[in-house]
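Notes follow the structure.
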Amino acid sequence: MSLVVPAPAPVHVPVVGGGAFPVRRVYCVGRNYAEHAQEMGFTGREPPFFFLKPADNIVVVPEGETGAIDYPPLTKNLHHEIELVVAIGSGGRDIRAADAQAHVFGYAVGLDMTRRDLQGEMKKQGRPWEIGKAFDQSAPIGPIVPATTTGPLTSGAITLAVNGQPRQASDVKELIWNVGEIIEHLSAAWRLEPGDLIYTGTPAGVAAVVPGDVMEGHVAGLPALRVAVR
Ligand code: MN
């Protein structure tokens with residue numbers, strides 16, 4: 001059957017060592033580091049919660065390159081959120097945390113870019129967050145490293161600098177809900193499938209960027225992610 005409009009371009013994230021990871025869905029975890037939850041006005045361990053971004057919000061940044069995103073419309077407060085991203089290699093429902101590692105294909109460094117002013121207004125009104133979170137080019141990502149190379153990524157520094165100045169610094173072991181627990185909760189609500197990405201949450205220090213800024217994010221053991229705002 002012939003397509004009546006052009007098919008959307010597939011979204012493929014390069015894999016270190018060869019091949020590409022086809023993206024199906026992009027799940028994101030909210031408030032998953034205690035100090036970030038506190039800076040957003042919340043305290044304590046609340047059940048994990050999730051939102052999604054469309055796959056075509058992904059901006060692929062090849063290893064060693066500096067990617068670019070356009071400063072998005074409607075906002076005056078575009079925030080960086082550096083995150084460990086988990087790539088799902090095999091799907092399932094009701095996956096237990098203890099079994100979750102077998103479903104992880106690999107890991108990458110990602111940015112959950114956020115129109116904080118629009119997100120805040122939607123929160124205040126009790127409306128959906130999409131306009132603050134799920135906008136074009138809102139999900140830059142570096143190459144995926146297979147878990148067969150890294151092993152389970154349960155600790156390691158996670159940092160973000162803007163124009164060389166430190167902004168965010170923590171450790172993946174500070175995740176309130178770890179990768180296994182995230183997969184357990186997510187797969188209770190949605191059937192996970194190969195091609196799903198999970199942005200696991202950001203540590204404290206989120207702040208604004210403006211055109212001309214260059215963000216450089218690191219998670220220990222993964223290639224750096226460099227993205228310019230234009
Ligand atoms: Mn986030």
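The values are calculated or read from the model by the stated rules, or taken from the named source; none is laboratory data. Owing to the predicted nature of the structure, the values given are computational and were not obtained by experimental measurement. Positions of Cβ are backbone-derived with ideal geometry, glycine not excepted, and every protein chain shown enters the neighbour counts. Surface areas here come from the heavy atoms of the whole protein model, side chains and all, with no ligands, DNA or RNA. Shrake-Rupley method; radii C 1.70, N 1.55, O 1.52, S 1.80 Å.
Under the combined filter of DSSP loop state and at most 14 neighbouring Cβ atoms within 10 Å, the range 1-50 retains these chymotrypsin sites (Phe, Trp or Tyr not before Pro): PHE42, PHE49.
Here the range 12-229 is assigned +1 on the Cβ of each Lys and Arg and -1 on the Cβ of each Asp and Glu. Its dipole about the Cα centre then comes out at about 400 debye.
Calculated accessible area for the range 73-230 comes out at 40 Å² per residue, all protein chains present (probe 1.4 Å; ligands, DNA, RNA ignored). Note on the range 12-229: lysine pairs with Cα distance below 23 Å, sequence gap of 8 or more or different chains, count 9.
3J(HN,Hα) along the range 146-161, derived from phi through the Karplus expression 6.51 cos²θ - 1.76 cosθ + 1.60 where θ = phi - 60°, amounts to x, 5, 5, 8, 7, x, x, 8, 10, 7, x, 5, 10, 9, 9, 10 Hz, with x in place of Gly and Pro.
Report summary: the helix-based calculation at 222 nm, which adds -39500 (n - 2.57) for every DSSP H run with n ≥ 4 and divides by the residues of the chain, gives -4000 deg cm²/dmol. Please report Rg over Rh for the range 12-229, where both radii come from the alpha carbon positions and Rh follows the Kirkwood definition. On the Cα set of the range 12-229, Rg over Rh gives 0.93.
For ASP136, the solvent-accessible surface computed with a 1.4 Å probe is close to 120 Å², ligands and nucleic acids excluded. Comparing ARG115, ARG31, ARG93 in a Gaussian network model of the chain (Cα springs below 10 Å), the most mobile by mean-square fluctuation is ARG93.
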